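One structure is given below, encoded as structure tokens.
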Amino acid sequence: MSTFVASLFLPYTVDFHDEPEAPTRSNPQRMHSRAASATDMKTLATSAASLFSGPPPPPKTPAEEKKDDFFSQLQNDPRIKPSDPRSLARTEAAPPEWGAAGQFLNQPKSTAGPLPSGSILDYVKSEKKDPELLAKYTAQRKRRPTVGTSRRGSNERNFARKTWTVEPAIQGNGGLINAIRAHDALRSDEDFQKIWVGTLGFPTDALLDSKKEEISDKLANEYDAVTVFPSDRDVDGHYTHYCKTILWPVFHYQIPDHPKSKAYEDHSWEFYRNVNQNFADKIIANYKRGDVIWVHDYHLLLVPGMIRKRLPDAQIGFFLHAAFPSSEVFRCLSTRTELLEGMLGANLVAFQTKEYAHHFLQTCSRLLTVEATPEGVQLEERFVNVSHEPIGVDPEGMAKAREEPEVQEWIKIIQERYKGKHLIVARDKLDNVRGVRQKLLAFELFLNKYPQWRQNVVLLQVATSTTENSELLATVSDINTRIDSVHSTLAHQPLVFLKQDISFSQYVALLTVADVMMITSLREGMNLTAHEFILCQDGATTEKKFGPLILSEFTGSASVFGGNEISVNPWDYQKCAEAIKLALEMSPEEKERRYTKLSSVVHKQTGDYWTTRLCDSLDKASKEQFSRDAMSIPRLSVSALAQKYKDAERRVFILDYEGTLATYGTDKDVVLTSPQRVLDTLNELLSDKRNIVYVMSGRTPEELQRLFRQVPNLGVIAENGCFLREWGAAEDDWTAFADVEASAAWKKDVKSIFQYYAERVEGSWIEERHCSLVFHYEKAVDPDAARAQAGDCANHINDSCQSYRVQAIPTSKAVYVESLDWSKGSAATNIFDKLRENNIEGKGRSPPDFLLVAGNDREDETIFQWANNLSEQGKVANVTTVSVGKRNTQAMTTITQGTTGLISALQKLSNYSYESAPEGSGGRRPSVLLTTGS
Ligand SMILES: O=P(O)(O)OC[C@H]1O[C@H](O[C@H]2O[C@H](CO)[C@@H](O)[C@H](O)[C@H]2O)[C@H](O)[C@@H](O)[C@@H]1O
């Protein structure tokens, strides 16, 4: 059994070489010659020029010359350069733009080319069906030199001759890679034979099929990796456009709102789907029964749904590494429904934090109008578990990395460079969501407010930049210049702004030497830099630092550190400035107290722990779902039931009405009627004195009283458990469990919300019951709009009526608002308590030894659960729970022939009643069936 770990990029990539003998990373000769290559020299020059953004530098003093010397050493190839591609990967890396890794590795260029002018949507359509448009765009493409076949051809010839080596990926989620590897290394888990699934992280159109095969064979055989080869054009549209300009900003609360992005959204969605389909196809082609599939992050949201369509029984988990926004933000995505449905193809959808999981549940309930419980989402025929599990880092891997001589050297260099200064460090991608601008503003305020610190503190901000965000760059450059001009002196520069990444050894050294770390992301899934900072501060390789961590409350990491970080709202510059002061002036005792707690979290919630917990949760969820899946629940065996029936002394029936005994009733203006066959069947059952029969429904006591007037002695549970009429009681002898008068307060508030939506949904109406309210929209003129409004309505009520013990449940036809305290299960408990005490005078002696509960809907699950428990605890000898239909359920058995199937089964039982009635038992067949008029 294997576990597929699918994420956009594999942990590996490929470097091509002209030499016949492929050198490796451990070959210093080659690394040296590459460092001197023209491309690298150019990169180096550009990097050096952009080291400090701001005005042109003045002539250098000797001190500055020395400083430049230090920084020029930082101008290294920022990639980790291990000799083994399987060693520790960089978390929160900032790789070059897709297709631009050629500055580090020898890889083909993209053949995607620019998109044609004119209507992008037409362009996409043309690819599919419209022959005229297809001809038009084919001609356009031929005219475009950058996408010509000649370039592709020469590329192909070029790369066909080259040798290649497997290298650690430049792209990819380092946190994920480290977590999976740590799990692999620490456990000899038979069930965890991982297989990576992903792309190589560079354009591959230019490779011949034979070359692709060669590469994918090697990766499969030696690196447990399945390679996906989407077209360059698809990856470009998927990653550069849809992921980066639509999903990433929206998931981090930045709604792109300019015409260009809308166009991107329209066309790049097609490419997003294509790449997701490539992944799904690859996984399906390699899947074997029993395998587990884990799909990672926002690049692959559609993959679970695509796999589910073809492999209905597969065990699929989905983990979102990024943040998941509130439903208010998510609803702005035009493809929101497809994205949610894609994710819901999984058995388990997991997030970094409880908050993101909650947002997802709320978004599903609101936009898909499905019932969301704290455990997950109830779909028509499946339940999808939703949970949260924060990712962690790999302390063992990091410990090894820290021992590297290069790290030790860098520690010395940085210590020497910042001797006598308090060093605040930060490494962020230069992206709006990381809050670098906010951090610099807060730091500027700190310097202005606390002059005593100006000469003693340095903020070293590494700002890794992938795509040029010129607006942000201009803003941070301005702040940088301002700080520089106001606060820098010949001998001291409080802000060092490195607009490029540093090498892994430099990064580790910096985290070790730092006095404080400052992270001010405006929103972020986790932020493993914070965790790695904590690992490096323990004094294992230098003196103990226990440096405080200033951390944005909007990161996932903040949710795991339990307040032992210095938590900040990055928008509150005053507080951020004070946080810097607090961190710098913190007593050693307080630092150690906080550090001990932070460190225990990082060492407990590791990447390995995360992997184990996710695997366990998926296993548990799949098993539970399987046991509830109508397909795997046995059919009701009427003959076995009849045998139990015959053997029983005292039988109890609790039967749901609409959808179970009879088809669903009509709406408000038609009086609910019951088919004669149902009434006759109930009367037949009741005619046997050994039988106690209850019908349960969400309808009001009045409606049910009228409906079952012709069935004397029938027990009735009304309004889903808020009212009870005991078996054998007088027609109007109702017990109210819920406080009807107290309901008036919440009903007033809920009704006004319902009215608001009813005015907006033509054809909808509000039904008032004693203890519940229903917003019906099954007859709405515009069903899609009504569904959306119903979702909003349920959400609105659940948000604003939290002080009442009620909940709004959206279904495909109506929104129900009901008490949280009463259910069919609670009514059944009451019935049984009384029966078992045998305190219904003269109506039976022995306790029940046969129980049949039949239902079909979500409200019936509480009573199934209750009955199953009675069976497990051996309190009733023979318990049968049966669900009518295909819904996934906790019932022990199902009947797929609908209400008629159940009625036939009940009729068969009452026939046995007649046949099996022992002398004097009271069982009898009625000589005349009670006939009822409606
Ligand atoms: O830039 P991308 O290729 O689209 O990838 C997005 C980021 O993915 C990784 O970060 C995410 O996962 C981390 C670990 O779970 C989490 O801490 C972070 O908040 C997530 O956004 C990767 O580490 C980043 O470099 C990528 O930018």
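Values as computed for the structure displayed
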read-out: Unique match (being under 30 Å from residue 764 (Cα atoms) and either touching a Phe, Trp or Tyr at 6+ places or on another chain (Cβ under 9 Å) or surrounded by fewer than 19 Cβ atoms within 10 Å (Cβ to Cβ) (or both)) among 889, 862, 829; value: 889
read-out: Residue in segment 287-295 that is within 15 Å of the ligand (Cβ to nearest atom) and not assigned by the TED database to the domain that holds residue 526 present; value: yes
read-out: Subset of segment 433-448 (residues that are within 16 Å of the ligand (Cβ to nearest atom) and either surrounded by 21 or more Cβ atoms within 10 Å (Cβ to Cβ) or acidic (Asp, Glu) (or both)); value: 434, 435, 436
read-out: Subset of segment 543-569 [buried (at least 19 other Cβ atoms within 10 Å of the Cβ) and closer than 13 Å to residue 605 by Cβ]; value: 556, 557, 560, 561
read-out: Identity of the residue in segment 618-629, open to solvent by less than 40 Å² (accessible area, probe 1.4 Å) and modelled with pLDDT of 95 or more, that ends up nearest to residue 187 (Cα to Cα); value: 618
read-out: Residue list for segment 217-232, restricted to those being open to solvent by 30 Å² or more (accessible area, probe 1.4 Å) and out of contact with any helix residue (DSSP H, G or I) (no Cβ under 7 Å at 6 or more places or on another chain); value: 217, 218, 220, 221, 222, 224, 231
read-out: Residue under evaluation residue 245, criteria (1) modelled with pLDDT under 95; (2) open to solvent by 10 Å² or more (accessible area, probe 1.4 Å); (3) more than 19 Å from the chain's Cα centre (by Cα); (4) over 21 Å from residue 202 (Cα atoms), criterion not met; value: (4)
read-out: Members of segment 243-255 that are within 11 Å of the ligand (Cβ to nearest atom) and assigned to a helix (DSSP H, G or I); value: 243, 244, 247, 248, 251
read-out: Criterion violated by residue 410 - all others in (1) within 33 Å of the chain's Cα centre (by Cα); (2) within 29 Å of residue 505 (Cβ to Cβ); (3) buried (at least 16 other Cβ atoms within 10 Å of the Cβ) satisfied; value: (1)
read-out: One residue from 346, 322 being touching a residue at least 24 places away in the same chain (Cβ under 8 Å), open to solvent by less than 20 Å² (accessible area, probe 1.4 Å) and in contact with a strand residue (DSSP E or B) (Cβ under 6 Å, 6 or more places away or on another chain); value: 346
read-out: Filtered residues of segment 253-283 (kept if modelled with pLDDT of 75 or more, open to solvent by 30 Å² or more (accessible area, probe 1.4 Å) and among the aromatic types (Phe, Trp, Tyr)); value: 253
read-out: Qualifying residue in segment 405-413 (condition: in a helix (DSSP H, G or I) and touching a Pro at 6+ places or on another chain (Cβ under 6 Å)); value: no
read-out: Answer from 386, 462 - the residue that is among the β-branched types (Val, Ile, Thr), free of Cβ contacts under 8 Å to residues at least 40 places away in the same chain, outside any helix (DSSP H, G or I) and touching a Leu at 6+ places or on another chain (Cβ under 6 Å); value: 386
read-out: Qualifying residue in segment 498-505 (condition: buried (at least 24 other Cβ atoms within 10 Å of the Cβ) and touching a strand residue (DSSP E or B) at 6+ places or on another chain (Cβ under 7 Å)); value: yes
read-out: Hits in segment 303-319 (condition: aliphatic (A, V, I, L, M) and either open to solvent by 10 Å² or more (accessible area, probe 1.4 Å) or away from the ligand (no atom under 16 Å from the Cβ) (or both)); value: 306, 307, 311, 314, 316
read-out: Candidate set: segment 162-188, residues that are within 10 Å of the ligand (Cβ to nearest atom) and of a type outside the set (A, V, I, L, M); chosen: the one most open to solvent (accessible area, probe 1.4 Å); value: 173
read-out: Test: residue in segment 572-589 that is within 16 Å of the ligand (Cβ to nearest atom) and either open to solvent by 10 Å² or more (accessible area, probe 1.4 Å) or modelled with pLDDT of 95 or more (or both); value: no
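Yes/no matrix, rows are residues, columns are (1) in contact with a His (Cβ under 6 Å, 6 or more places away or on another chain); (2) exposed (fewer than 14 other Cβ atoms within 10 Å of the Cβ); (3) over 21 Å from residue 327 (Cβ atoms); (4) assigned by the TED database to the domain that holds residue 369:
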| site | (1), (2), (3), (4) |
| --- | --- |
| 717 | no, no, yes, no |
| 720 | no, no, yes, no |
| 754 | no, no, no, no |
| 768 | no, yes, yes, no |
| 771 | no, no, yes, no |
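So that you can scan it fast, the table gives a plain yes or no per residue for (1) over 23 Å from residue 376 (Cα atoms); (2) assigned by the TED database to the domain that holds residue 373; (3) touching a strand residue (DSSP E or B) at 6+ places or on another chain (Cβ under 8 Å); (4) among the charged types (D, E, K, R):
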residue: 804; (1), (2), (3), (4): no, no, no, no
residue: 826; (1), (2), (3), (4): no, no, no, no
residue: 829; (1), (2), (3), (4): yes, no, no, no
residue: 835; (1), (2), (3), (4): yes, no, yes, no
residue: 862; (1), (2), (3), (4): no, no, no, no
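The values are calculated or read from the model by the stated rules, or taken from the named source; none is laboratory data. Not measured: the values here are computed from a predicted model. Positions of Cβ are backbone-derived with ideal geometry, glycine not excepted, and every protein chain shown enters the neighbour counts. Side chains are part of the model used for accessible areas, which takes the heavy atoms of the whole protein and leaves out ligands, DNA and RNA. Shrake-Rupley method; radii C 1.70, N 1.55, O 1.52, S 1.80 Å.
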